[in-house]
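Since the structure comes first, as structure tokens, the remarks are kept for the end.
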Amino acid sequence: MSENKRTEQEIVRREKANELRDNGIDPFGSRFDRTHNIKTFKEAFGSYSKEEIKELELDEPVRIAGRVMSRRVKGKAGFAHIQDQYGQIQIYVRLDNVGEDQYQLFKKGDIGDIVGVIGKPMITHTGELTVKTETFVHLTKALRPLPEKYHGLQDIEERYRRRYLDLIMNEDSKDTFILRSKIIQEMRSYLNDKGYLEVETPILHPIAGGANARPFVTHHNTLDMPFYLRIAPELYLKRLIVGGFDGVYEIGRLFRNEGISIEHNPEFTSLELYLAYSDLEGMMDLTENMINHITNETIGTDTITYNDQEIDLSKGWRRIKMTDLIKEETGVDFTDIDDFEEAKKLAKERGLDVPDHFRSMGHIINLFFESFCEESLTQPTFVHDYPIEVSPLTKKTPDDERFTERFELFIAGREYANAYTELNDPDDQYERFKNQLKEKELGSEEANDMDRDFIEALEYGMPPTGGIGYGIDRLVMLLTGAESIRDVLLFPHMRPREGNQS
RNA sequence: GCGCCAUUAGCUCAGUUGGCAGAGCAAUUGACUCUUAAUCAAUGGGUCCUGGGUUCGAAUCCCUGAUGGCGCACCA
């Protein structure tokens, strides 16, 4: 920020920083060893009475540090609240106790400064656990004022662009990201306990495969070739199942060059997992058990309210075929319809728009599902047996070649996971890739390219395998009650503002 | 990409019919040794998002652009 754009308050704070230097104090000071953070301080001293705490003999004084969030300086004594990751604690600074120099330091300090205090616990007349300061240490000068103390930072754009301020001012926001971390931690520990191996596969892909999505393109200089940021790790993880691992998973970022919305960010975090010798049923059982474990360990319940809907995440989720669900919602039974033109007619009768690259029944069935069923799936539901045309990497169902052993998990009208009994017949896989290429020619920008190396891997033999991918951001939204994906991403993508900035 | 809405002090927000730009917090100065949205007194702080237009006069009306939010489309 150029000097001529500084506000009055910024100028004053810079002057104060210079005054500190003049007094031999580094405005951006150094290490301060703490005996407690605010949480452990409250745990250690929160249960004493006012009298007990006065009598308390400490081996060493308490050393605690944090950002000044409010101050009430009144003549020759004053209070302030300081904040660290775990919360706020009041400090009491009194001229008699700290001496003139340190008292001036406290008095001239600003909200937003970071300070250390050395002292003893006390309880005020109003009953608040407080640090009675014996030594007051300036640690870091804040050169800009914090947002207003009572309302905090309200502006949604500012909260996304300057997340650090949001984290300082809005406890809810901080709690969301702590919970996000816990959710992923519990996911890992659940899977590790079950014997899955966590792996990392390339993010730069020569062929963008494993999902239907438009990729980001980049370029490698030395190899002088294009690379795609991965849209899915699927084809690499399956190579690892060929390689003999029983169960593998990867938690990581996927990149899809598509619209940004309340539930889409160009990069998002997924869990993708494969289990040898398993199948679709195995993935359903795993999903129920894992999400149940996560919710119980993180939020301590399996009944949640999301968007004013009560959702029961306890085990025993509904499992229903896509065609049965469509029949339930619309009365149309696609298992009885064989003719594409008839299906197309049914779709148009119901006001659905059928794009050119839709050349078969399966696309119409999927369209019906997305248009008429998805939204009403409030309670956790596994919708299975997807049309083969929209599932290029999935095994066919044994009883009907038009459908595949695939499910998606829906909760609160939104998709959370996508699972398959994996296709392990290399010749079948080859044909599916070829069909994808045809779709691409017909205008589908998301269709897969042929991955010959992957076919070759399958030719060595992949055991029967169940696979699943989860959208972690959405799971976090569900468990934190966030309405927008941006509320669970620390730094959601924003268009750069004029000038520079990210 | 399309539609609707928003943008006023560092922050949270008012601003009437088009008629001098406002409050609270924060800041500055002073008083105050258990306050807690501390209190009291005084003071300073504005590209009213940008650029045009209408008008004697625009924060306010019209047009353009920027950024954001929401909805639609695409998708997970």
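Quick note: the coordinates plus some simple rules give every number you see, no bench work behind them. Keep in mind the model is a prediction, meaning the values are calculated, not measured. In this analysis, Cβ positions are derived from the backbone assuming ideal geometry, glycine residues included, and neighbour counts consider all displayed protein chains.
Quick notes on this one:
- Loop-resident sites, segment A:348-402, for GluC sites (Glu not before Pro), counting at most 11 other Cβ within 10 Å (DSSP): A:401
- Chain A - percent relative contact order, Cα under 8 Å, separation 6 or more: 12 percent
- Proximal lysines relative to residue A:321, as straight alpha-carbon distance under 22 Å, when same-chain residues fewer than 8 apart are discounted: A:344, A:395, A:396
- Within the straight-line cut-off of under 20 Å between alpha carbons, the aspartates and glutamates reachable from residue A:54 are A:43, A:96, A:128, A:134, sequence neighbours fewer than 8 places apart in one chain being disregarded.
- Qualifying GluC sites (Glu not before Pro) for segment A:184-249 [loop in DSSP, other Cβ within 10 Å: at most 10]: A:200
- Summed side-chain charge close to residue A:373 - residues other than residue A:373 whose Cβ falls under 15 Å, Lys, Arg +1, Asp, Glu -1: -4
- Distant-in-sequence amide H partners of residue A:69 (H built 1.01 Å from N, under 5 Å): A:81, A:82, A:83, A:112
- Segment A:396-440 and segment A:7-84: distance between their alpha carbon centers, rounded to Å: 59 Å
- Phi angles of segment A:83-89 translate, via the Karplus equation with coefficients 6.51, -1.76, 1.60 and θ = phi - 60°, into HN-Hα couplings of 10, 10, 4, 9, x, 10, 9 Hz per residue; Gly and Pro are given as x.
- Note on chain A: helix-only mean residue ellipticity at 222 nm, from DSSP H runs of 4+ residues weighted -39500 (n - 2.57) and normalised by residue number, equals -10500 deg cm²/dmol.
- Relative contact order (%) - criterion: Cα under 8 Å, at least six apart; region: segment A:328-473: 18 percent
- Distance between segment A:447-502 and segment A:201-225 - C-alpha centres, whole angstrom: 14 Å
- Remark: segment A:400-416, residue by residue, has Karplus-estimated 3J(HN,Hα) of 8, 5, 7, 10, 10, 7, 9, 9, 10, 9, 10, 9, 6, x, 10, 7, 10 Hz, where x stands for each Gly or Pro and the curve is 6.51 cos²θ - 1.76 cosθ + 1.60 at θ = phi - 60°.
- Candidate lysines - alpha carbon under 28 Å from residue A:16, same-chain residues fewer than 8 apart omitted: A:5, A:74, A:76, A:107, A:108, A:132, A:141, A:149
- Whole-number percent relative contact order across segment A:176-278, with pairs defined as alpha carbons under 8 Å at least 6 apart: 25 percent
- Taking the DSSP beta bridges with both ends in chain A, the antiparallel portion is around 90 percent.
- Magnitude of the charge dipole, chain A, Cβ model with Lys/Arg +1 and Asp/Glu -1, debye to 20: 3120 debye
- Bridge type composition, segment A:87-161 - antiparallel percent by DSSP, nearest 5: 75 percent
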